[in-house]
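One structure is given below, represented as structure tokens, and several questions about it will come after.
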Amino acid sequence: MHARSRLSVFVMLLVLALILSGCLNLGQESATQTPDMQSTQAAETMVAIMTQQAPMAKVTQAVVSAPTSMAQALPSTTFTIELLPATSTPLPAETLPPTSTSAPTETPLPTETPTSVASPTSTAIPTPNWKMVFVDDLKSGVWVNEKSEDFRLQYTMGGYAISNKVVRDIVFSVREESYLDMQIEVTVRRLEGPSDGYSGIICNFQNGTNYYILAIGVDGWYGIGLKKAGQLKFLQEGVDQSGAVRKGNSDNLLRAECAKGNLTLWANGIQLATAKDRTFISGTIGLGVGNRIVPGTMVLFQNFKLFSLEQP
């Protein structure tokens, strides 16, 4: 039972005891004590008891005895007052979780120092340094004048003409000087003959059965031929579709390059074919006219130019 409730019961019992005590002893003490005295004693007794009960928190036990006169009428009653249980230990205040530490701002990675990479410079193929060593308008001069039933070599019509009546072969006219790494230019025009005849430039000439020929035909055909041991074989040939070769009896500017095993043919400034062959790496130069099937081709040559490759 709660301490405060017990105290209330105790006070009520005490008041009841006092009333009973007063009633029982009224007759005995009435002669000696006045009502005022009785009331005064009762009040003092209550005050004393209440005073003794005041420090509740410090008293372990308290025995309250009724006055002597009351003890004669009622058996003595012992009241035990329990101490209030110790106040419950207050729960510790809730410890707030520590405020979350803000994540450190991300340390920026050091900027990468760009490494300068030198872009490879394209190595341009050096242009060959050609030097002109001989020019001939082919109107007159040192070229051979000769004729037979199968061919004719002569100056005519403002140039040098070659006529070929041999089937599947070449009639040529060459100079005596030998050259290494050369480029030749000449203008060609068909005067008469079948459409399958051709004319061109001879280089690295060894003898009548060993040389190269770079030529075009009046029908647009072109080829780079190797004659070796009397056998003619074209390393490259075709029919021009670009219009570089002017057909019929038109003038065509030919250029042939025979240098360091490379054979290249141009017509009117446009490259037609190239081939690699080192069967002959030097020799004399000349002009030639051939027939593929039908004989009788005659071609006029003009404005011959020879260039030699200068060594670095």
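Readers should treat all values here as calculations from the given coordinates under stated rules, not as data from a laboratory. Just so it is clear, the structure is predicted and the values come from calculations on it, not from any experiment. Backbone-built Cβ (ideal geometry, glycine too); neighbour counts: all protein chains shown.
Would you confirm, using the coordinates I've provided, whether THR264 is among the hydroxyl-bearing types (Ser, Thr, Tyr), surrounded by fewer than 23 Cβ atoms within 10 Å (Cβ to Cβ), out of contact with any His (no Cβ under 8 Å at 6 or more places or on another chain) and over 20 Å from VAL133 (Cβ atoms)?
no
Out of SER250, SER308, SER195, which single residue is under 19 Å from ILE170 (Cα atoms), among the polar types (S, T, N, Q) and either in a strand (DSSP E or B) or out of contact with any Phe, Trp or Tyr (no Cβ under 6 Å at 6 or more places or on another chain) (or both)?
SER195
Separate question: How many of the residues in the range 269-305 are part of a strand (DSSP E or B), under 21 Å from GLU177 (Cβ atoms) and of a type outside the set (S, T, N, Q)?
Qualifying residue count, the range 269-305: 8.
Quick check: anything in the range 248-262 hydroxyl-bearing (Ser, Thr, Tyr) and within 45 Å of the chain's Cα centre (by Cα)?
no
I need the full set of residues from the range 245-261 which are closer than 19 Å to GLN302 by Cβ and surrounded by 17 or more Cβ atoms within 10 Å (Cβ to Cβ), in order please.
Passing the criteria: VAL245, ARG246, ASN252, LEU254, ARG255, ALA256.
Consider ILE224 carefully, then state whether it is farther than 21 Å from ALA161 by Cα, assigned to a strand (DSSP E or B) and β-branched (Val, Ile, Thr).
yes
Hey, among ASP240, ASP181, which residue is among the acidic types (Asp, Glu), under 16 Å from GLY283 (Cα atoms) and under 51 Å from the mean Cα position of the chain (by Cα)?
Among ASP240, ASP181, only ASP181 is among the acidic types (Asp, Glu), under 16 Å from GLY283 (Cα atoms) and under 51 Å from the mean Cα position of the chain (by Cα).
Which strands (runs of 3 or more DSSP E) does the range 137-189 wholly contain that include 1 or more residues that are touching a Gly at 6+ places or on another chain (Cβ under 9 Å) and without any contact (Cβ under 8 Å) to a residue 40 or more places away in the chain?
The strands (runs of 3 or more DSSP E) meeting that bar are 151-156.
Here is a check on your reading of the model: is ALA244 in contact (Cβ under 8 Å) with a residue 12 or more places away in the chain and outside any loop (DSSP other than H, G, I, E, B)?
So ALA244 fails the test.
Oh, and also: So how many residues does the range 251-263 have that are within 21 Å of GLN206 (Cα to Cα) and in contact (Cβ under 8 Å) with a residue 24 or more places away in the chain?
Number satisfying all stated conditions: 7.
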